[in-house]
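What follows is a single structure, written as structure tokens, with notes after it.
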2 protein chains.
Amino acid sequence: MKTVESKAGTEGDFSFDVYEKKFKALADELRLKIMYELNQKGQLCVCDLTELVGLPQSKLSYHLKILHDAGFIQREKKGTWNYYQLNDPEVKAILSPELCCIFYPGQ
Amino acid sequence: MKTVESKAGTEGDFSFDVYEKKFKALADELRLKIMYELNQKGQLCVCDLTELVGLPQSKLSYHLKILHDAGFIQREKKGTWNYYQLNDPEVKAILSPELCCIFYPGQ
DNA sequence: ATTATACATCAAAAAAAGTTGATATATTGT
DNA sequence: ACAATATATCAACTTTTTTTGATGTATAAT
């Protein structure tokens, strides 16, 4: 994982691409809003989010996929619904506690 | 700054754009490598970085500007040279301490 | 004063990411 | 079995970012 530390100092190819992917996922106002809403409300289905965020469904799915692929959110299927929620440990591993209650999970 | 907290819960237009800009700056392998090198070496001029990172000068300047505009690095001019270094408080305000010694400043 | 070095900036081209509307799949209710 | 709902995915298009090479500006060295 932190390939970097073992090689620290020595030049070399680290896994910056993994971090790139994670920061890319956060690098969008809409996705930050989604993270924020999930952080506030806990668990939401896509239909809830379309209303909260005011996006067409296909657009929302696109952004949810990016957050999911980056590991920041988890999906739980319940019948026809897909419920999403923050993946707290993943978020905490990347974000500063100073961002608590915006994107960073409280408690 | 954290407009979010005062309004938390109430829907509304927060300053997600500020965070978007910061995460966008981090959302690039090259720029992460630059952050890493600055974190390791402390202070570097553009010419040092071109060698460390192996980029043409104009490309490097482009990426340094993005990091600088986002507030993650500071510039100090000494004669013809521009020395860059991490802006520690800014980095710490965004990144998890778990990223210590990669991008997050040690100590 | 001229030449060389360090760096920023610019404009054009290329690549990547985001948007849109349509379609596909699965599940639930009748 | 049929209709309706929730959601994912796809392909065409638009927008944003990145790259590249050239040019400009300032400082330093001769």
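The values are calculated or read from the model by the stated rules, or taken from the named source; none is laboratory data. Quick caveat: nothing in here was measured; it's all calculated off a predicted structure. Quick reminder, even Gly has a Cβ in these numbers, built from the backbone with ideal geometry, and neighbours come from all protein chains shown. Side chains are part of the model used for accessible areas, which takes the heavy atoms of the whole protein and leaves out ligands, DNA and RNA. Shrake-Rupley method; radii C 1.70, N 1.55, O 1.52, S 1.80 Å.
Copy-to-copy spacing for residue B:106, label 7 Å out on the Cα-to-C-beta vector, in nm, shortest first?
3.7
Using a 10 Å cut-off around each Cβ of peptide B:89-100, what is the average number of partner chain Cβ atoms that fall inside?
If you average over the peptide's residues, the count of other-chain Cβ atoms is 4.
GNM, chain A, Cα, under 10 Å: largest mean-square fluctuation among A:26, A:64, A:95?
Fluctuation is largest for A:95.
Quick check for you: with a 1.4 Å probe and neighbouring chains kept, what is the accessible area per residue of the protein assembly as shown, in Å²?
On a per-residue basis, the protein assembly as shown sits at 50 Å².
Once every DSSP H run of n ≥ 4 in the protein assembly as shown is given -39500 (n - 2.57) and the sum is divided by its residues, what mean residue ellipticity at 222 nm do you get, rounded to the nearest 500 deg cm²/dmol?
One gets -14000 deg cm²/dmol as the mean residue ellipticity at 222 nm.
Which pairs in the list B:22/B:59; A:92/B:78; A:92/B:59 are over 27 Å apart, alpha-carbon to alpha-carbon?
Going by Cα-Cα distance, A:92/B:78; A:92/B:59 fall outside the 27 Å limit.
For the rotation bringing A onto B, which A residue has its Cβ nearest the axis, and at how many Å?
A:27, 2
Considering only the label points, 7 Å along Cα→Cβ from Cα, what distances in nm to one decimal separate residue B:51 from the same position in each other copy, shortest first?
6.2
What do you reckon, how do B:92, A:24 stack up by accessible area (1.4 Å probe), largest on top? Please list the in-between numbers first.
Values: B:92 60, A:24 95 Å².
Sorted by accessible area, descending: A:24, B:92.
Test of understanding: in a Gaussian network model of chain B with alpha carbons linked when under 10 Å, which of B:86, B:55, B:30 would top the mean-square fluctuation ranking?
In the Gaussian network model the winner is B:55.
Going by amide H atoms built from the backbone, whose H comes under 5 Å of the H on residue B:72, apart from near neighbours?
Amide H to amide H, under 5 Å and 5 or more residues apart or across chains, residue B:72 pairs with nothing.
Taking springs between alpha-carbon atoms closer than 10 angstrom, which of B:15, B:61, B:96 fluctuates most in the Gaussian network model of chain B?
Judging by the Gaussian network model, the answer is B:15.
Rounded to a whole number, what % of the accessible area of the protein assembly as shown do carbon and sulfur atoms account for, probe 1.4 Å?
51 percent
With an 8 Å cut-off on Cα pairs and a minimum separation of 6 or more residues, tell me the relative contact order of segment B:21-83 in percent.
Reported relative contact order: 37 percent.
Could you tell me the total accessible area buried at the A-B interface, probe 1.4 Å, in square angstrom to the nearest hundred? Can you show the working numbers first?
Working: alone 6920 and 6900 Å², together 10670 Å².
For chain A against chain B, roughly 3200 Å² becomes buried.
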